[in-house]
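Q: This structure is in structure tokens; I'll ask about it shortly.
The values are calculated or read from the model by the stated rules, or taken from the named source; none is laboratory data. The model shown is predicted, which means the values in this text are computed figures rather than measured ones. Every residue, glycine as well, gets a Cβ built from its backbone with ideal geometry; the counts of neighbours run over all protein chains shown.
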Amino acid sequence: MISLRRRASGDFSPPQSVRLPPTEGSAGPSPSWETLAGRWHIAIRRDALIARDQGPLAAAWYESEGGDCLCAAGYPFWCDYVAEVSAQAEAGTAFGVSCSVQGTERLVALMLSPAQGSEGGEARLVETKRSGSRVLASVPLSVRPRRWYRLRLETCDRAIVGFVDGRRVAECSVAAPLSGRVGLCSRGPGVARFDDVSVQPLRLFGGVPSGKG
């Protein structure tokens, strides 16, 4: 198990706790988000009777439209934080949550790859640099297309820990301290959907995560 210890204060700081909901009518996923790759939009569902009376949305979520897609929110000085999102995708399309996003050529991500059939799938921790992407850790995991999963990615200094539906699935460390924005990402021909995004500072107790805040 990797021991997580917060870095000394300097030019980087953990974020305040924040939720990043979809906003209807925005140019990107929401005014808080910047599209870095691919195409994104807000998908909405309205109950027919509520829509007739111009009532509130029944549901709204972010959607990527296929291909290599990445959007980001927050600040480049964010460090030592937890990013969570509920997400799903169609068969053949990997999807995930990113941390330490410094553009399309520098980030780490927890990615899920849905099974092509009824069984299989994989969870991966991936690091992307200018030289390319590499898998830091991977584990077989049952991932079904079009099923919602809760992804949680923790970063602290050089350490990365990924959770799926509350279960710790993978961990690793990288060469340099991590800092940057939170991101949503997908890769593949199909649509991926993202909802209920939250970011909070990582709570440590005795040098290890204290659990969900």
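Residue-wise test of (1) small (G, A, S); (2) within 23 Å of W61 (Cα to Cα).
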| residue | (1), (2) |
| --- | --- |
| W148 | no, yes |
| R152 | no, yes |
| V161 | no, no |
| V164 | no, yes |
| R167 | no, no |
| A170 | yes, no |
| Q200 | no, yes |
| R203 | no, no |
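Q: For segment 81-88, indicate whether the set of residues that are in a loop (DSSP other than H, G, I, E, B) and either modelled with pLDDT under 75 or buried (at least 17 other Cβ atoms within 10 Å of the Cβ) (or both) is non-empty.
A: No, segment 81-88 contains no residue that is in a loop (DSSP other than H, G, I, E, B) and either modelled with pLDDT under 75 or buried (at least 17 other Cβ atoms within 10 Å of the Cβ) (or both).
Q: For residues in segment 89-107 being part of a strand (DSSP E or B) and not hydrophobic (A, V, I, L, M, F, W, C), which is surrounded by the fewest Cβ atoms within 10 Å (Cβ to Cβ)?
A: The residue in question is S98.
Q: Next question. Do you know which residues across segment 151-180 are surrounded by fewer than 16 Cβ atoms within 10 Å (Cβ to Cβ) and outside any strand (DSSP E or B)?
A: Residues satisfying the conditions are D165, G166, A175, A176.
Q: Then there's this: Of all residues in segment 167-206, how many are touching a Pro at 6+ places or on another chain (Cβ under 9 Å), under 16 Å from A83 (Cα atoms) and not β-branched (V, I, T)?
A: Qualifying residue count, segment 167-206: 11.
Q: If I ask for residues that are among the hydrophobic types (A, V, I, L, M, F, W, C), assigned to a strand (DSSP E or B) and touching a Lys or Arg at 6+ places or on another chain (Cβ under 8 Å), which ones from segment 113-130 would you list?
A: Scanning segment 113-130 gives a single hit, V126.
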